[in-house]
Every structure is written in structure tokens, then in C-alpha cells.
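J.: Take a look at this one; I'll ask things after.
The values are calculated or read from the model by the stated rules, or taken from the named source; none is laboratory data. Every value quoted in this text rests on a predicted model; they were computed, and no experiment measured them. Ideal geometry is used to build each Cβ from the backbone, glycine not excepted, and the neighbour counts take in all protein chains shown.
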Amino acid sequence: MTDLALLWDADLLAADLALQDGAIRIDDGMHTAILISLFTDARADGDDELPDAGGDRRGWWGDAFPVVAGDETGSRLWLLFRSKITPATINRARDYARAALAWIVEDGIAASVDVTVEAQERHRLAIGVVLTRPTGPARERYDFVWEASAS
């Protein structure tokens, strides 16, 4: 699998194309796929409490026309924006990340995906993702930082 490489900026809460020597860098691993899975806003469930007034349940526009029925891109981490970092918030973040990355096992890319989430500083969560591959390199680790609040 080859993708255009993306870099996540936790301060801006955004990803951008990675450049190397004036050219767009290529990612031949899983980093960009995991980044998109974690940091694209999945549509909120009907019973999810939204962080902002207005009722925007978000979601990626491409999910309106899924190739596989019910298949969605992204995570619900965005629902934790403005949340205090508590053990409950950490558990929800881990659950949201696991759900967003379940496709990696379903598609046979990895035998398992392990997610760890821990508090880092006052409003940041460190998210660690470990893939256990059925073939090739046995384990691969990817680390990300997510800002839980802009304040």
C-alpha cells in the first residue's frame, strides 16, 4: 500500500501533506491510513453528546456513498473536544480509536490492533497504536498526540 504521506499537527488539529526535498513524500506503511482513521471526524451516533451547540453530527462526506454498506471513515474522537482529561475520557478515547481502526483487522492487514491512550500535559492525549501483522514485520508501532481542548 502506498499513500501520500500526511503529518498530523496536534496544535492546529489538522494534517497536511509531508514534503521532502521539495516533493510530496510517500508513505508505504500504515501511518497515513491510521492518521486518517483517527483524525477524520466520523458521524456521531444519535445518542452521543455533542461538544458544541448546533446539532452538527459531522461525518465524512464520502460515507454517504460507501462501497460496503455501513462502512464509515474516521473516529468519534472529536466528541471529546472540550472534555476534561479524566479516566472516563481516556477510556472513551481508547474505545473510539479501537472502533476507528477495526477495519485494519477486518481487511486482514493486521492480525490485531492494540491501542493505548494516556494523558499528556493538561489537554493532550497520547495515542499509541501497535499492529501485529500476519506476515512481514511482526509488530509496528505508531504514536500520535491529540489535543482535547483548545483552551
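J.: So residue 32 fits all but one of (1) under 19 Å from residue 110 (Cβ atoms); (2) in contact with a Leu (Cβ under 9 Å, 6 or more places away or on another chain); (3) modelled with pLDDT of 90 or more; what number is the exception?
T.: (3)
J.: Right, here's the next one. Return the pairs, sorted by first residue and then second, in which the second residue is among the small types (Gly, Ala, Ser) and assigned to a helix (DSSP H, G or I), the first residue lies in region 82-111 and is crowded, with 17+ Cβ neighbours inside 10 Å, the beta carbons are less than 6 Å apart, and the residues are 6+ apart or on different chains.
T.: 100/37; 101/37
J.: Kindly indicate whether residue 102 is modelled with pLDDT of 90 or more, in contact with a strand residue (DSSP E or B) (Cβ under 9 Å, 6 or more places away or on another chain) and not hydroxyl-bearing (Ser, Thr, Tyr).
T.: Criteria met by residue 102.
For (1) part of a strand (DSSP E or B); (2) more than 24 Å from residue 140 (Cβ to Cβ), each residue gets a yes or a no:
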residue	(1), (2)
8	yes, no
11	no, yes
32	no, no
54	no, yes
59	no, yes
66	no, yes
84	no, yes
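J.: Restricting to region 90-134, give me the number of residues that are part of a strand (DSSP E or B) and under 17 Å from residue 37 (Cα atoms).
T.: The qualifying residues number 13.
J.: Just the residues that are in contact with a Lys or Arg (Cβ under 9 Å, 6 or more places away or on another chain) and either among the aromatic types (Phe, Trp, Tyr) or at pLDDT below 90 (or both), please, taken from region 124-151.
T.: Listed by number, the residues that qualify are 133, 139, 140, 145, 146, 147, 148, 149, 150, 151.
J.: Given the options 50, 79, name the one that is without any contact (Cβ under 8 Å) to a residue 60 or more places away in the chain, in a helix (DSSP H, G or I) and either touching a strand residue (DSSP E or B) at 6+ places or on another chain (Cβ under 8 Å) or surrounded by 14 or more Cβ atoms within 10 Å (Cβ to Cβ) (or both).
T.: Exactly one of 50, 79 is without any contact (Cβ under 8 Å) to a residue 60 or more places away in the chain, in a helix (DSSP H, G or I) and either touching a strand residue (DSSP E or B) at 6+ places or on another chain (Cβ under 8 Å) or surrounded by 14 or more Cβ atoms within 10 Å (Cβ to Cβ) (or both), namely 79.
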